[in-house]
1. Tally time: how many residues in region 172-199 are open to solvent by 10 Å² or more (accessible area, probe 1.4 Å), farther than 26 Å from residue 7 by Cβ and touching a residue at least 24 places away in the same chain (Cβ under 8 Å)?
2. Please go through region 147-169 and give me each residue that is surrounded by 12 or more Cβ atoms within 10 Å (Cβ to Cβ) and touching a Lys or Arg at 6+ places or on another chain (Cβ under 6 Å), ordered by number.
3. Give region 93-111 a look and list any residue that's part of a strand (DSSP E or B) and open to solvent by less than 30 Å² (accessible area, probe 1.4 Å), or say none.
4. Here are some conditions: (1) on the phi > 0 side of the Ramachandran plot; (2) open to solvent by 60 Å² or more (accessible area, probe 1.4 Å); (3) in contact (Cβ under 8 Å) with a residue 40 or more places away in the chain. Residue 117 meets all but one. Which one does it not meet?
5. Consider only pairs whose beta carbons are under 8 Å apart and that are at least six residues apart or on different chains; among these, list those whose first residue lies in region 212-227 and is closer than 12 Å to residue 93 by Cβ and whose second residue is open to solvent by less than 10 Å² (accessible area, probe 1.4 Å) and in a helix (DSSP H, G or I).
6. If only one of 144, 77, 73 is of a type in the set (Val, Ile, Thr), assigned to a loop (DSSP other than H, G, I, E, B) and surrounded by fewer than 18 Cβ atoms within 10 Å (Cβ to Cβ), which one is it?
7. Quick test of your reading of the structure: residue 90 fulfils all but one of (1) closer than 24 Å to residue 186 by Cα; (2) at pLDDT 85 or above; (3) surrounded by 13 or more Cβ atoms within 10 Å (Cβ to Cβ). Name the failing condition by number.
Amino acid sequence: MVHDMGRRKVLLTGFPAFGELSNNISEDVIKELSSIGRSKVPLRERPRVDDSGNSLSTDMPIVEIEWQTELLTCDETGSSRIANSLDDIDVDAILHLGLCTSCITPRIETQARNILDMRIPDNSGRKKSGSEIIINGQQFIQSTSPLNRFPNDLFSTKLEQSDDAGSFVCNETYYRTLSSIDYNDKQDNFGRKLPCLFLHLPDIGKLEISEAVKLVEEIGAWLCEKPR
């Protein structure tokens, strides 16, 4: 049996191609989900119990997600876009997407680091080495997502967890957004810090667009799930 948990709003961001690349899978996923507009996603089936261990329900909830998508520029302006507009954002979660050319499988980033160390220039020509993103900011900021109950083995595609989001614009975007959530005490409808997660996707050829879209839908639903 399934039951509807109601509609949730997820802000989904990605980037265009950068460097010598001709495409970016995160942009492709953004376009696909933007055209879909909404997704109905069944949460993974798991027994629900109260604090005493008594069964509450065996229903499989359905989450309807309304996607708010934004293609960020691959530069400092793009990395600051969500952080600077947080007061005007009304969503239940933020999911940043990016391309990882060295990845074989999708990678959940558990934290962002206060570092810019670019091997190549970004799309504005900026190339910084050994710099802080925010001067005297925290060295690391942990994801605001409930990773302690992340069902790694229950998604449709195998996932890895990483504590190194790199030192390019992906990590910069993640760091700025998490810092802004913390500074502004931005909360979701359940009174917890607004869940924000970064998902690195491998290049096209290692992951089909349809697989990436399904995975993003599943992670979006998980991010919006009511804690229990």
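The values are calculated or read from the model by the stated rules, or taken from the named source; none is laboratory data. This is a predicted model, so every value here is computed, not measured. Heads up, the Cβs are rebuilt from the backbone with ideal geometry, glycines too, and the neighbour counts pull from every protein chain shown. Remember, those area values only see protein heavy atoms, side chains included, never the ligands or the DNA or RNA. Shrake-Rupley method; radii C 1.70, N 1.55, O 1.52, S 1.80 Å.
1. Total satisfying the criteria: 3.
2. Correct list: 151, 154, 160, 162.
3. Initial filter on region 93-111 (part of a strand (DSSP E or B)): 93-100, 107-109, 111.
Listed by number, the residues that qualify are 93, 94, 95, 96, 97, 98, 99, 100, 108, 109, 111.
4. Every listed condition holds for residue 117 apart from (1).
5. 216/29; 216/33
6. Checking each option against the conditions leaves just 73.
7. Only one criterion in (1) closer than 24 Å to residue 186 by Cα; (2) at pLDDT 85 or above; (3) surrounded by 13 or more Cβ atoms within 10 Å (Cβ to Cβ) is unmet by residue 90, namely (3).
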